[in-house]
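What follows is one structure encoded as C-alpha cells, with my remarks underneath.
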Amino acid sequence: MRGREPVLPKRRRRIQPQFSWVDHRLIRDGHIKGRSVEALALYLFLVTVSDADGLSWYSEAALCRMLSWTPPQLRQARRELCEADLLAYRKPLYQVLDLSPVPIMLKRPDRGGTGEAVAISEILQGLMTGGAK
C-alpha cells in the first residue's frame, strides 16, 4: 500500500514490555481540548512514569527539575488536570485517572430564551425521578 512504508524503516517504533501507553480517547473524546501545553506535558510525563494503576510518586522538586518548571507552574498544570478530572493528587501521590466519558451537552430553553447547557445525564436523571428539569 502506497504511503505505508516508514520514512526510516530501520527505526520503526517497537513497543517495549512496560506498562505505559496513551489512551486514544484522550483525543477522540476531546479531553485535551482547551488544556494548556503545561498541563498536557505533565499528563504525558505522568502517563509515561506511572504504574498499571496510574500511580506515581515523583516529588514536586523532581517534577520541576525534569520539566524545567517553577513550583507555581507545576501547581497550575496539576490543578488544571485535577479540574479536568484527568488526575488526582494527594501529596506525594499522583494518580492518572481512567478517562471518563465526556458528558453530552444539550441546550435547555430558559425563560429568557437564551438556553443553558445541561448534561444529558441530568436530563435523564430528571426523567427517571419523575420530572425533567
Qualifying residues in segment 24-35 (those that are among the basic types (Lys, Arg) and without any contact (Cβ under 8 Å) to a residue 40 or more places away in the chain) - the one nearest to Gln73 (Cα to Cα):
Lys33
Out of all the residues in segment 59-75, is one or more aromatic (Phe, Trp, Tyr) and closer than 16 Å to Val96 by Cα?
no
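Among the residues of segment 33-83, what is the count of those that are part of a loop (DSSP other than H, G, I, E, B), surrounded by fewer than 14 Cβ atoms within 10 Å (Cβ to Cβ) and not acidic (Asp, Glu)? Give the steps one after another, and end with the answer.
Residues of segment 33-83 that are part of a loop (DSSP other than H, G, I, E, B), as a first pass: 33-36, 50-54, 57-59, 68-70.
So of that shortlist, the ones also surrounded by fewer than 14 Cβ atoms within 10 Å (Cβ to Cβ) come out as 33-34, 36, 51-53, 57, 59, 68, 70.
Checking which are not acidic (Asp, Glu) leaves us with 33-34, 36, 52, 57, 59, 68, 70.
Count: 8.
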Considering segment 8-23 alone, what residues qualify as being farther than 18 Å from Leu87 by Cβ and either modelled with pLDDT of 85 or more or surrounded by 11 or more Cβ atoms within 10 Å (Cβ to Cβ) (or both)?
Leu8, Pro9, Lys10
Which residues, taken from segment 36-66, are hydrophobic (A, V, I, L, M, F, W, C) and without any contact (Cβ under 8 Å) to a residue 12 or more places away in the chain?
Val37, Leu40, Ala61, Ala62, Cys64
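The values are calculated or read from the model by the stated rules, or taken from the named source; none is laboratory data. Computed from a predicted structure; not experimentally measured. Methodologically, a virtual Cβ is constructed for each residue, glycine included, from the backbone with ideal geometry; neighbour enumeration extends over all protein chains shown.
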